[in-house]
Structures are given as structure tokens and as C-alpha cells.
Amino acid sequence: MDKIARSKPLAQIAADHIVEYIMHGTVKKGERLPSEGELMEMLGVGRGTIREAIKILASLHVVEIRRGVGTFVCENMGVSEDPLGFQYIEDKYKIVLDTLELRMLIEPSLAAKAAKNATKQQISEIGHLCDLVEEKINNKEDYLNEDRLFHTKIAESSDNLVISNLLPIIHGSIALLMETNKKALTKETVVTHRKIYEAIKAHNENAAYEAMDEHLRLNFKSISK
């Protein structure tokens, strides 16, 4: 580590260097950081400093510590899983309805932008996730994770950098929706997901917008009954 006059604790300086290392693209989001030993050698500090630096970054949601596996860069760096404190609000029913209203304002436009901007690789990934959701539903299995990934990939494919910081809110809504909607719209989910995917694949912005809008309105109608 550079020999500079320190106005910060050594662990914080080490944490700043690790963030720079990530931001330079040497390790990407979702990937594993170098080992403690490698970071010690890179930064010229001791093991205790590295461990404290990692704790700082974990508290800031920059990295995720997976016991027995390693430390990984968070997919949504700097954004907590519950940025609006949903877990502390008792009226989960109203949260779901209000968040669905927010999603109806945002996600149809994201789907339209995905239809315009998605690459062949992104379209393939959206199609794969569409298939996985349908497969899970047909097998009567929990499809929450695949559903999250489907909506996340569409948002990413919109080519809007800001939306990545809104994804945890969308994720929280989907989780609460699954808990609240006991009579899940599984058949409707399969049909509308397929419509969304086919519209994006065809680069049909209007159809993508309408399909996502239909998908969310069906959920809203079911929950609000």
C-alpha cells in the first residue's frame, strides 16, 4: 500500500483500495474476491487489517461473505436488500399494493426499453429464465428466485444504469407478493411471462410494454380482491 500520511484508519484505507480494485473491473459483480493472502500481498498489510476491511465493505453491501466459500462482490454494490425497511412495516398487504403501483409505473417502460436495447445474449437469458419459471410452476416448485431473475434481467437489458439500484425494491415486492398472494397466478404468470419474452425477442416495444403492464395488473387485481 502507498506510504501516505493517513487521516483514516488503516482498515478503511485498505477497504478503499479494494473498492478501487473492484471498480477497475479486475473482479466483476458476483465474482469472488482474491483470498486474504492475496489481498495482504497486494496491499502490503496484515491479515487483521484485511479482515477488518472486508467487514467494513460487507456492512456497506459492497461485498458478501459466504462462510467456507469466500468473499464475493455484491450484485448491487452499496444497496441493501431492504432499502425501504419493508421488514419493519406491519401492513404487508399495503406494501405489496403500493409497490405494485410503483412497478406498474416503471416496469412496462423497462420492458419496452429492453425490447429496443437487449442484446442476443440478454434475450437468450430472458428466454431461459422464462422457461425455468414455467418449469418450476409445472412441477409445483418454488419459483421465487427464477421470477426475481427474470424481472432483473429485463431491467438490466433496458440499458438503464440507475435501475440497478431499484432492483432490491422490486425484489422485495416479488417476495412479499408470493407471501401475500396465497392463490398465486401461476397459469397467468406463465402466459404473461411468455408474452413479455416474445415481445422483447421480436424487439416489439409496444407489445413488451403491454405484456408487462398486463402481468402486473393481473397481480394487482388478484391481491386487491
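The values are calculated or read from the model by the stated rules, or taken from the named source; none is laboratory data. Quick caveat, the model's predicted, so the values are computed rather than measured. Ideal geometry is used to build each Cβ from the backbone, glycine not excepted, and the neighbour counts take in all protein chains shown. To get the accessible areas, we keep the full protein, side chains included, count just its heavy atoms, and leave off ligands, DNA and RNA. Shrake-Rupley method; radii C 1.70, N 1.55, O 1.52, S 1.80 Å.
Sorting Asp147, Asp91, Asp142, Asp16 by accessible area puts them as Asp142, Asp91, Asp16, Asp147; the probe is 1.4 Å, largest comes first, and only protein heavy atoms count.
Can you check what the Kirkwood hydrodynamic radius comes to for the range 1-156, Cα pairs only, in Å to one decimal?
Values: mean 1/r = 0.0533 Å⁻¹.
Kirkwood radius, the range 1-156: 18.7 Å.
If you sort His61, His128 by accessible surface, 1.4 Å probe, largest first, the order is His128, His61.
When the helices in the chain are scored as -39500 (n - 2.57) per DSSP H run of 4 or longer and the sum is shared across all residues, what 222 nm value do you end up with, to the nearest 500 deg cm²/dmol? Mind dumping the intermediate values first?
Working: 9 runs with 144 residues, N = 225.
Taken over the chain, the calculation gives -21000 deg cm²/dmol.
Within the shell defined by Cβ-Cβ distances under 9 Å, the residues around Ala207 carry a net charge of -2, with Lys and Arg each +1 and Asp and Glu each -1.
Spacing of the modelled spin labels on Leu132 and Glu64, each 7 Å from Cα toward Cβ, amounts to 1.3 nm. For the residue pairs Lys201/Lys221; Lys29/Lys136; Lys187/Lys221, the alpha carbons lie more than 22 Å apart in Lys201/Lys221; Lys29/Lys136. Put the Cα centre of the range 13-51 next to the Cα centre of the range 85-112 and the gap is 36 Å. In this structure the amide hydrogen of Gly70, modeled in the peptide plane, comes within under 5 Å of no amide hydrogen from residues 5 or more places off or on another chain. The slack in the chain from Glu75 to Lys28, taken as 0.36 nm per residue of separation less the alpha-carbon distance, amounts to 16.0 nm.
Among the trypsin sites (Lys or Arg not before Pro) in the range 75-149, those placed in a DSSP loop whose Cβ has at most 13 other Cβ atoms within 10 Å are Lys140.
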